[in-house]
1. Within the range 28-75, can you find the residues that are hydroxyl-bearing (Ser, Thr, Tyr) and in contact (Cβ under 8 Å) with a residue 60 or more places away in the chain?
2. Arg42 is checked against (1) closer than 17 Å to Gln96 by Cβ; (2) not in a helix (DSSP H, G or I) and fails just one. What number does that condition carry?
3. Filter the range 34-50 for residues that are farther than 15 Å from Leu63 by Cβ and surrounded by 15 or more Cβ atoms within 10 Å (Cβ to Cβ) and give the result.
4. Which residues, taken from the range 1-32, are at pLDDT 95 or above, basic (Lys, Arg) and either open to solvent by less than 30 Å² (accessible area, probe 1.4 Å) or in a helix (DSSP H, G or I) (or both)?
5. Kindly indicate whether any position in the range 70-82 is part of a helix (DSSP H, G or I) and modelled with pLDDT under 95.
Amino acid sequence: MLKVLGNNIAYLRGVTGLSQQDLSSYLKINRVELSYYENGQRSIPMTKLRMLADLVGIEPMSLYDESFAKRPLQTAFAFRSNGFEVSDLETIADFQRIARNYLRFKRLSENLSN
């Protein structure tokens, strides 16, 4: 399971165009630790997994799906990193979290009114 998770973390990093240094800075870990996660050698703490999921607007548990990289990434918006600072990534993650919560609330509201 750690290998699947690690592959998906590396996939997300590649899709967003983030270097290991960029992503590890955002996650507030060192680059070597991120490398261990990507190689499936260590389990990533749930707090860090949530941070990563928030950044791309997905549910954390979807990163355990073996077919994750084969399906289109459904995010509130797509981006490729090009000179983002850690604070920029934090802002993007905040926006993604707000957008995901809004969509959940909207679906719930629609279901209740039906």
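The values are calculated or read from the model by the stated rules, or taken from the named source; none is laboratory data. Just so it is clear, the model here is predicted, and its values are computed rather than measured. In this analysis, Cβ positions are derived from the backbone assuming ideal geometry, glycine residues included, and neighbour counts consider all displayed protein chains. These area figures cover heavy atoms from the full protein model, side chains too; ligands, DNA and RNA do not enter into them. Shrake-Rupley method; radii C 1.70, N 1.55, O 1.52, S 1.80 Å.
1. Residues of the range 28-75 that are hydroxyl-bearing (Ser, Thr, Tyr), as a first pass: 35-37, 43, 47, 62, 64, 67, 75.
Tyr64, the sole residue that qualifies.
2. Of (1) closer than 17 Å to Gln96 by Cβ; (2) not in a helix (DSSP H, G or I), only one is false for Arg42: (1).
3. Ser35, Tyr36
4. Matches in the range 1-32: Lys3, Arg31.
5. Initially, the range 70-82 is screened for residues part of a helix (DSSP H, G or I), giving 70.
With modelled with pLDDT under 95 added as a condition, the list becomes 70.
Yes, the range 70-82 contains at least one residue that is part of a helix (DSSP H, G or I) and modelled with pLDDT under 95.
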